[in-house]
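Peer 1: Structure provided below as structure tokens; questions to follow.
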Amino acid sequence: MEFEFDLLDEFVEKIKEAYKKVSELKLKVKNKELNDIVTDADIFMEKEIISIIKSKFPDHSIYGEESGENKCNIEYEWLIDPIDGTINFASNIPLFATTIALRKNQETILGIIIDWSQNDVYECIKGKGAYCNKKPIKVSDTNTLNNSVISFCLTSHYSEDHINKVLEIEKILASKVRGLRLIVTAAIELAWCATGKIDGCFNVKPSIGLSSSAGKLLVEEAGGKVTNLQGNRRDNIDTMLVTNGLIHNEIVTEINKKK
């Protein structure tokens, strides 16, 4: 099955139509895991996106952030995070996005990220490049760690071990990079890495990547590199290190030094 950007454009327009209706909702906030939350917007958007996908591909599997996994076709599976950065969204912090990706036999082959606050649409198809608002994008040319800006994820629903691991890596990198940034919207962080706004990002919590699958492919198609924190090929559920490629080995070396 061959996929083209026309399909992604069609999906984007329908997702935008769905998002227009979000303002009509009376947003209720519910607790999820520990201090994490879900809003009516998350649930509404996920249902709309699932409907959009099913209208084209009724036999494809879908894994949604809110509804879980619905196994149908073992070859094709869509990964959906309807509002990546829900806490930001609910707090009126303009750092949240909608992201969807399609995997074929567990390999991501296309992705969409919509940064609602900036009205930026990122699209990628494996082997066909990465684009923001139809313009080609590429990662930064920063080639030393001391000139780099790196983002990371740290949330209140991390385990104590995950929190300690994040703080350990922060301590290692804090004096070696130009800046560390905490954004907690993986889709936007990866889009920024793909466009060269930042030079890399990392996540210590192993994940299938509902919020990051599209972004990881976007970075790779923009010339960057994706591994786990040890610098190896990621397993289906794994940690994540994403960079412009030029500083990748230096970060891997620093965060994995024997104490």
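The values are calculated or read from the model by the stated rules, or taken from the named source; none is laboratory data. Being a predicted model, the structure only gives us computed values, none of them experimental. Please note: Cβ atoms are built from the backbone with ideal geometry, for glycine as well, and neighbour counts cover all protein chains shown.
Peer 1: Could you check N146 against (1) touching a strand residue (DSSP E or B) at 6+ places or on another chain (Cβ under 9 Å); (2) modelled with pLDDT of 95 or more; (3) within 25 Å of N244 (Cα to Cα) and say which number it fails?
Peer 2: Unmet condition: (1).
Quick grid of which residues meet (1) more than 21 Å from V121 (Cα to Cα); (2) under 18 Å from the mean Cα position of the chain (by Cα); (3) aromatic (F, W, Y):
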| site | (1), (2), (3) |
| --- | --- |
| L7 | no, no, no |
| T39 | yes, no, no |
| P58 | yes, no, no |
| N70 | yes, no, no |
| I74 | yes, no, no |
| E77 | yes, yes, no |
| I80 | no, yes, no |
| S91 | yes, no, no |
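Peer 1: Among the residues of the range 33-44, is any within 26 Å of S159 (Cβ to Cβ), crowded, with 19+ Cβ neighbours inside 10 Å and among the polar types (S, T, N, Q)?
Peer 2: yes
Peer 1: Exactly one of (1) at pLDDT 95 or above; (2) of a type in the set (A, V, I, L, M, F, W, C); (3) surrounded by 13 or more Cβ atoms within 10 Å (Cβ to Cβ) is unmet by L154. Its number?
Peer 2: The one condition L154 does not meet is (1).
Listed here are the residues, each with its yes/no results for (1) over 21 Å from L102 (Cα atoms); (2) surrounded by 13 or more Cβ atoms within 10 Å (Cβ to Cβ); (3) at pLDDT below 95.
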residue: K14; (1), (2), (3): no, yes, no
residue: K30; (1), (2), (3): yes, no, yes
residue: E46; (1), (2), (3): no, yes, no
residue: I50; (1), (2), (3): no, yes, no
residue: E66; (1), (2), (3): no, yes, yes
residue: C72; (1), (2), (3): no, yes, yes
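Peer 1: Pairs needed: first member in the range 158-174, in contact (Cβ under 8 Å) with a residue 24 or more places away in the chain; second member anywhere, part of a loop (DSSP other than H, G, I, E, B) and of a type in the set (A, V, I, L, M, F, W, C); C-beta distance under 6 Å; at least 6 residues apart or different chains.
Peer 2: Pairs found: V166/L154.
Peer 1: Another question about this same structure. Any residue in the range 127-136 that is surrounded by 15 or more Cβ atoms within 10 Å (Cβ to Cβ), in contact with a Lys or Arg (Cβ under 9 Å, 6 or more places away or on another chain) and either over 30 Å from E2 (Cα atoms) or not aromatic (F, W, Y) (or both)?
Peer 2: Yes, the conditions are met somewhere in the range 127-136.
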